[in-house]
1. For the range 42-133, list the strands (runs of 3 or more DSSP E) that sit wholly inside it and hold at least 1 residues that are within 16 Å of ligand 1 (Cβ to nearest atom); which are they?
2. When you check Asp17 against the structure, is it among the acidic types (Asp, Glu) and within 30 Å of Ser134 (Cβ to Cβ), yes or no?
3. Starting from residues that are part of a helix (DSSP H, G or I) and modelled with pLDDT of 95 or more, keep the ones in the range 18-41 and report whichever is farthest from ligand 2 (Cβ to nearest atom).
4. Can you name the residue in the range 32-50 that is under 24 Å from Ile8 (Cα atoms) and basic (Lys, Arg) and, of all such residues, is surrounded by the fewest Cβ atoms within 10 Å (Cβ to Cβ)?
5. Can you go through Gln33, Gln76 and tell me which one is more than 17 Å from Met299 (Cα to Cα) and in contact (Cβ under 8 Å) with a residue 24 or more places away in the chain?
6. Among what's in the range 51-61 and is away from ligand 2 (no atom under 15 Å from the Cβ) and crowded, with 22+ Cβ neighbours inside 10 Å, pick the residue that is farthest from Gln27 (Cα to Cα).
7. With respect to the numbered conditions (1) within 18 Å of the chain's Cα centre (by Cα); (2) farther than 25 Å from Gly317 by Cβ, which one is the sole condition not fulfilled by Glu82?
8. Within the range 320-342, can one find any residue that is farther than 26 Å from Val88 by Cα and within 21 Å of the chain's Cα centre (by Cα)?
Amino acid sequence: MTTHSEIIRRLRDELGDSLVIMGHHYQSDSVIQHVDLKGDSLELARKVESVHAEHIVFCGVYFMGESAALLAREGQNVYLPEPDANCVMSQMAPAARVDKVLTSLAASGRTIVPLTYVNSSVGVKAVCGKHGGSVCTSANAETMMRWAMDRGDAVLFIPDKNLARNTANRLGIAQSDWHMLDIRKDGTAVDLETANKGKLLLWPGLCAIHARFNLRQIQTARDTHPGITVVVHPECSPEVVAQADAAGSTSFIINYVRQAPEGAAIAIGTEINLVERLAKEYAGRKTIVPLLESSCSHMASVTEDKLSITLQEVRNGTADPVRIPIGFTEHARAALERMLKACA
Ligand code: 13P
Ligand code: SF4
């Protein structure tokens, strides 16, 4: 029987240079083995700009495919093997609500610069672009928060309160200058008076997969493996990040493990596919353990069989590319390009 892997290899040969497969580090091994370009969100956004292939098949969650489609050239199409793979955090900030909050905050006369984590819809990126703001990833959040702070009286960070607070801690922004918005369903911030005082306004979103890591797991890892170091993703809570030895993007975590000396033991707080891949890669040389087996089910919903079906559809000309809703492209692209320029 022909396996999915064999079908994928045959279709790749047929499609030749017209195809590039991109993928995020959280993809399973069965998918990642077929990927031409992998990376964290920032690296993937940068790589799209250098891809000339007509078809980009993106193995990741929806916002990643959307960002790739925004940055793609004329005539290039981006396809997602599983278009229903959604980053749950990206859905915690509906664009209309963000727009409404920004409009009501503007009534104070203060200049509020919106900064959205790339884990957000194209609608939110467009709203941020329209209000003079930009985008950041976990790899450049400090640079971009400084960028935003330099341009106004306060920054509205959307949607990840943990990345926002961890970044503010690194930049030395006092906690008394943070303010968590209380967002009503109708989009009004109920506490505008206080909100208009803080320097960093926080949207109350988070990643449930990273919110599972806690101080007890760090203590258990240290008790079980004396001398172990702990590295976590900055979507973890500030308490966890403060207790860890290091925090950074998925590529930062990969480099942290690579640079650790032979024989090192490292506990990792991020999505399990990446941790297990590193544990396999360094087996017998470094001890890599997860703080907890925390899986992103949406990332996992992209599978080898769905990739093979997408490639067949691309070859047959029947695949549905990611479409950016009308009216969003200009402002959303402006927001993304401000980030790429600030971090060139
Ligand atoms: P990175 O940009 O660090 O790869 O993170 C993306 C993400 O979704 C983490 O949960
Ligand atoms: Fe989104 Fe969290 Fe999954 Fe990353 S791990 S894609 S932030 S839900």
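The values are calculated or read from the model by the stated rules, or taken from the named source; none is laboratory data. All values reported here derive from a predicted model rather than from experimental measurement. Here Cβ is always computed from backbone atoms with ideal geometry, including for glycine, and neighbour counts include all displayed protein chains.
1. Once the strands (runs of 3 or more DSSP E) in the range 42-133 are filtered for at least 1 residues that are within 16 Å of ligand 1 (Cβ to nearest atom), what remains is 55-59, 112-117.
2. no
3. Only one residue fits best here, namely Ser18.
4. Lys47
5. Result of the check over Gln33, Gln76: Gln76.
6. In this case the residue turns out to be Ile56.
7. Of (1) within 18 Å of the chain's Cα centre (by Cα); (2) farther than 25 Å from Gly317 by Cβ, only one is false for Glu82: (2).
8. Yes, because at least one residue in the range 320-342 is farther than 26 Å from Val88 by Cα and within 21 Å of the chain's Cα centre (by Cα).
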